[in-house]
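Data first, discussion second: the structure below is written as structure tokens.
The values are calculated or read from the model by the stated rules, or taken from the named source; none is laboratory data. Here the structure is a predicted model, which is why all the values come from computation and not from measurement. Reconstructed Cβ throughout: ideal geometry from the backbone, glycine too, with neighbour counts over all protein chains shown. The accessibility values were calculated without ligands, DNA or RNA, using every heavy atom of the protein model including side chains. Shrake-Rupley method; radii C 1.70, N 1.55, O 1.52, S 1.80 Å.
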Amino acid sequence: MESKELIKRYIYAVTKHLPENKRQDVGQELESLIEETLAERSQGRPVSDADTKAVLMELGRPVELAAKYDPHTKDALIGQPHFSVYLRVLRIVLLAVTLGMAIASLLEGFITFESNVFVFFASVLSNIWQGLLGAFAWVTIIFAILYQKDVKLDYDKDDLEDLPAVPERHQEIKLRDIIASFIFTILFLILFVVVPQVNIPLVWENSGLIPVFNPEVLITLRWLFVAAASAQILNLSIRFLARRHTLPVFFTTLLEAILQVILLLTWFHTPNAFNPAFVELTNDFAPFMFEPANWAPLQSLPVAISAMPLLLLIILGGVLLGTLIDLITTGVKTFWGQKA
Amino acid sequence: MSELNEIYANFVVELRRGVTNLVVLSHCQQPSYGYQLVKNLADSGIPLEANTVYPLLRRLEDQALLRSDWDTSTDKPRKYYQITEKGRQLLAQITSYWRDSVKNIETILEA
């Protein structure tokens, strides 16, 4: 290739990485530099192609030269301090997804009565692999965005005034609690959203496994389930980053509780929330479970609630009580800790 | 390259990185163009690659520490850089810091 053409291409290869408004100026300056260097190198004799190549080689690879013009360019997808947090989150997520997918796939295999053991295990492994790939991709994408957009994590507060206080023992959130809740959330998502036909399977003599809840209803309400689980994941993520009871932890716990209540009331208000096959079998020995619980104390409640089958009311009451206790505990630890 | 040489090379790069800005800024008290700067610094025993100096000049200009003008009066158009008032103030601060540091480091090295 002719020297002039080579120089033109080299300059283009450098400047195309630079902002539009700088390209022409940097290009002219590089051209001037290359000409001066060539003139000195050739000492009056005609410039050869070998001279040009040598000078351009000295200047280095176009991409590297372009990068020197903008030292703030991030040359990693996820750099520090985000990278250490990313690794920790990834480890927990992959562990939770492996456990969740394994349990869900095993249950699904039992439900569908897959007789070929090899096919069965291949499908379990394939499900776990797909789950892991998805989880890896999501965590990586989220952290790449956080890093590239310079979103500060609680870890990299560098202003002395901003350094977080060492949490009191009662304010600390234990990692094992976060991991346990996370595994539970993933399992909940998988059972009720990914394999709603399985949901909670009960072993029944002569009838095999029967899911407790009506899969069709679960499919209709799947976005509500996703919203509730997302709120819980958000809450757990904030707990993971803060590792103590802070206001954001309390407010995301509140959001999670509200979504759980909306989900439960919508779900249990739907006719046939239970699987008809499960209802039929239970009716054989405990018919009162599915009759409206016409207890006097419940009469004052809205009809939609007082007319619910007893079993639904028990579940609803249990979960609501659990949610309320969690919310109160978080609230007390947050506000008590703030004042302390 | 032996391990020691490699460590030495990295050490020199680290040391030079901070000093380069000071040297270039100081040199631009007189209007200079990139190639001339590279030559003069090399002659003064501070060899710097053109691919380091050119982007650095541009960055110092972006920080308003240098200003530049194209001289097109000759057949070879050249871009001249010269220090600004802001650049002068910074240069004075860095020079003072540099002198104190050299003095203190010398004391440590001679101890």
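Here are the numbers for this structure:
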quantity	calculated
Any chance A:Ile103 is in a helix (DSSP H, G or I), open to solvent by less than 30 Å² (accessible area, probe 1.4 Å) and more than 25 Å from A:Ala144 (Cα to Cα)	no
Which listed residue is more than 9 Å from chain A (Cβ to nearest Cβ), open to solvent by less than 50 Å² (accessible area, probe 1.4 Å) and assigned to a helix (DSSP H, G or I), from B:Val13, B:Val19, B:Val38	B:Val19
Residues (of a type outside the set (S, T, N, Q) and more than 9 Å from chain B (Cβ to nearest Cβ)) located in the stretch A:10-24	A:Tyr10, A:Ile11, A:Tyr12, A:Ala13, A:Val14, A:Lys16, A:His17, A:Leu18, A:Pro19, A:Glu20, A:Arg23
Residue within the stretch A:262-269 that is farther than 19 Å from A:Ile179 by Cα, open to solvent by less than 30 Å² (accessible area, probe 1.4 Å) and polar (S, T, N, Q) present	no
Filter pass, B:Gly87 being crowded, with 21+ Cβ neighbours inside 10 Å, more than 9 Å from every other protein chain (Cβ to nearest Cβ) and either closer than 22 Å to A:Val55 by Cβ or touching a helix residue (DSSP H, G or I) at 6+ places or on another chain (Cβ under 9 Å) (or both)	yes
Number of positions in the stretch A:25-41 that are more than 8 Å from chain B (Cβ to nearest Cβ) and farther than 17 Å from B:Trp70 by Cβ	4
Selected residue [open to solvent by 60 Å² or more (accessible area, probe 1.4 Å), more than 20 Å from A:Pro196 (Cα to Cα) and modelled with pLDDT of 75 or more] from A:Leu255, A:Leu310	A:Leu255
Residue in the stretch B:63-77 that is nearest to B:Gly18 (Cα to Cα), counting only those that are open to solvent by 50 Å² or more (accessible area, probe 1.4 Å) and in contact with a helix residue (DSSP H, G or I) (Cβ under 9 Å, 6 or more places away or on another chain)	B:Gln63
Filter result for A:Glu161 (modelled with pLDDT under 85, surrounded by 13 or more Cβ atoms within 10 Å (Cβ to Cβ) and over 23 Å from A:Phe83 (Cα atoms))	no
Any hit, the stretch A:182-195, residues being surrounded by 18 or more Cβ atoms within 10 Å (Cβ to Cβ), at pLDDT below 85, outside any helix (DSSP H, G or I) and in contact with a Lys or Arg (Cβ under 9 Å, 6 or more places away or on another chain)	no
Leading residue by the ranking (farthest from A:Gln28 (Cα to Cα)) among those in the stretch B:57-70 that are over 15 Å from the mean Cα position of the chain (by Cα) and within 10 Å of chain A (Cβ to nearest Cβ)	B:Asp62
The stretch B:46-90 - residue that is in contact with a strand residue (DSSP E or B) (Cβ under 7 Å, 6 or more places away or on another chain) and assigned to a helix (DSSP H, G or I) and, of those, farthest from B:Tyr35 (Cα to Cα)	B:Gly87
The stretch A:238-252, residues that are open to solvent by less than 50 Å² (accessible area, probe 1.4 Å) and within 15 Å of A:Ile92 (Cβ to Cβ)	A:Ile238, A:Arg239, A:Phe240
Residue check for A:Ile210: surrounded by 15 or more Cβ atoms within 10 Å (Cβ to Cβ) and assigned to a helix (DSSP H, G or I)	no
Search result, residues across the stretch A:1-60 that are charged (D, E, K, R) and modelled with pLDDT under 85	A:Glu2
Yes/no for B:Ile94 being more than 13 Å from chain A (Cβ to nearest Cβ) and free of Cβ contacts under 8 Å to residues at least 24 places away in the same chain	no
Criterion: among the charged types (D, E, K, R) and touching a residue at least 40 places away in the same chain (Cβ under 8 Å) - qualifying residue of A:Lys68, A:Lys53	A:Lys53
Subset of the stretch A:169-180 [in contact with a Lys or Arg (Cβ under 8 Å, 6 or more places away or on another chain) and open to solvent by less than 60 Å² (accessible area, probe 1.4 Å)]	A:His170, A:Gln171, A:Ile173, A:Leu175, A:Ile178
Check on B:Ser26, over 24 Å from A:Ile34 (Cα atoms), under 9 Å from the mean Cα position of the chain (by Cα) and not acidic (Asp, Glu)	yes
Of the criteria (1) more than 14 Å from chain A (Cβ to nearest Cβ); (2) closer than 26 Å to A:Val55 by Cβ; (3) over 13 Å from the mean Cα position of the chain (by Cα); (4) not aromatic (Phe, Trp, Tyr), which one B:Ile7 fails	(2)
